[in-house]
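Everything on this sheet refers to the single structure shown next.
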Amino acid sequence: MISKFLCKGAFAIVLSIVAVGCGSKSNASAQNSSTTSDSAANSQADGGGSGSDAGPGGDASTITGGGTIGSTVAVTASELQIVTHALDADNNLQQAALKGQVLVPAACSAATPCGLIVVVGDYRQPPWPTMNNGAKQLASDTNSVVVIFNLPGTGDGGNKSEGSDDMGGLWHISAVKDVMHQLSARKDVDKTKTGFVSIGTGLMAVAASLKTFGNGDLGNVAWLIDVEGPVDRCGISQAPEDDGQQIGPSDGAGASDSACHYTLYPHADQYPAASNGHPASIVCAPGAWPITVTGAGCDKNDWWISREPYTNLKGITQKYWRLQFANDHALPSHVSSMLAIKAVASSPAHAYAVNWLLCKVPSETECKDLSTQNQACWLGDSTKGNGFAPAPFASGPLKAMTADVLLGLWLPKFVNTINDPSQFSNCK
């Protein structure tokens, strides 16, 4: 069971990859696999196509940050076939075909159903096809159907999903809902083991969708694993100072105490001034993403209020696990993780954790004290890495890792744990 305080050595622990109940086929047999009969039978009606087999999951590839991805069981890949719908500005219903892939371990069938993991990537790093290798490993090592897809209006070239990139608006919320709802209807999916993995700003759409549809189409979703998602407009728009890009020297309009949660965590703790070779951390700047794309500064409350995860996380009912690496991929502190846990602690959700701390909101002071006891709050590993690039405010040497490393080498341990009630127990 996860300790209600801390599993010792969390910073240095090697989270081993364990194949769970998926058979014992070798990489060679995985490479020779094509499709499973159950995958074909479940094709059009439940989101997985039958005609686009992108190959099995047995090809090994070495990933930046250490570790090797090489699936231990056959994994069938098929094209995602889901059309989502949303209302346009004139209140007309529009539709959009989504681009992505459904990955199914060979052992999944109606008789032996598997879990379901829907991966929602950061808005500026669409997951399909760049996360394919890691997603195959995740499917193999968790005995789960894994879906990677590009949100409406995102993706490159022929992999771009139709629809509007509204950054956590109606298009994105609907797409997240439709993918989970339709794929969970597959005959080879165990509806008690379904969950989302959100990466970075992908949390915006997932948290909003769970709040909106959590008592309806998403009522059976069991959990959410959130990887370093910024939780408010200040964290989402944060960027290193760059006068040439209209980022700084001061924060932009709307960076108030309430919007940025400075009453809980002071400005200097969240977004410090320039020091130790690091630039100043600026929020709400007119030259920062996503303000440059949307035109919605932090003072445009009507745009932000429905998209901020901090508010939406207060309405979720699912088990919640926040993953925070020692070097955040974008932010200069770990405050977003503390705010996320505070929000979920006040929600109807019964179980929550940040890394290996269950039912607890850590403080930076406490975490510094723990580091002197050969323990740590934040994740990192000498082989698999301690953060994603660019990590412009890294507090120590950055051992950069890729999304494939996250999906294939870090996440299986967390998914298998959160799917086991005896290991991820209730807080309240």
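The values are calculated or read from the model by the stated rules, or taken from the named source; none is laboratory data. Quick caveat: nothing in here was measured; it's all calculated off a predicted structure. Neighbour counts are summed over all protein chains in view; Cβ atoms, including those assigned to glycine, are modelled from backbone coordinates with ideal geometry.
Data overview
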{"read-out": "From the options C284, C298, residue that is touching a Phe, Trp or Tyr at 6+ places or on another chain (Cβ under 8 Å), crowded, with 24+ Cβ neighbours inside 10 Å and assigned to a loop (DSSP other than H, G, I, E, B)", "value": "C298"}
{"read-out": "Residue among T365, T417, T383 that alone is in a helix (DSSP H, G or I), of a type in the set (S, T, N, Q) and at pLDDT below 95", "value": "T365"}
{"read-out": "Selection within the range 133-159 - in a helix (DSSP H, G or I) and either closer than 26 Å to Q95 by Cβ or among the acidic types (D, E) (or both)", "value": "A135, D141, G157, G158, N159"}
{"read-out": "Residue in the range 323-331 that is part of a strand (DSSP E or B), in contact with a helix residue (DSSP H, G or I) (Cβ under 8 Å, 6 or more places away or on another chain) and not charged (D, E, K, R) present", "value": "yes"}
{"read-out": "Out of L323, L357, sole residue that is of a type in the set (A, V, I, L, M, F, W, C) and within 18 Å of V197 (Cα to Cα)", "value": "L323"}
{"read-out": "Residues satisfying the stated conditions in the range 348-407, i.e. surrounded by fewer than 23 Cβ atoms within 10 Å (Cβ to Cβ), closer than 18 Å to Q270 by Cβ and touching a Lys or Arg at 6+ places or on another chain (Cβ under 8 Å)", "value": "V361"}
{"read-out": "Sole residue being in a strand (DSSP E or B), basic (K, R) and surrounded by 20 or more Cβ atoms within 10 Å (Cβ to Cβ), chosen from K193, K211", "value": "K193"}
{"read-out": "Residue among L93, L116, L87, L103 that is modelled with pLDDT under 90 and over 19 Å from G158 (Cα atoms)", "value": "L87"}
{"read-out": "Residue that is within 20 Å of V361 (Cα to Cα) and of a type in the set (A, V, I, L, M), where the choices are I247, I236, I225", "value": "I225"}
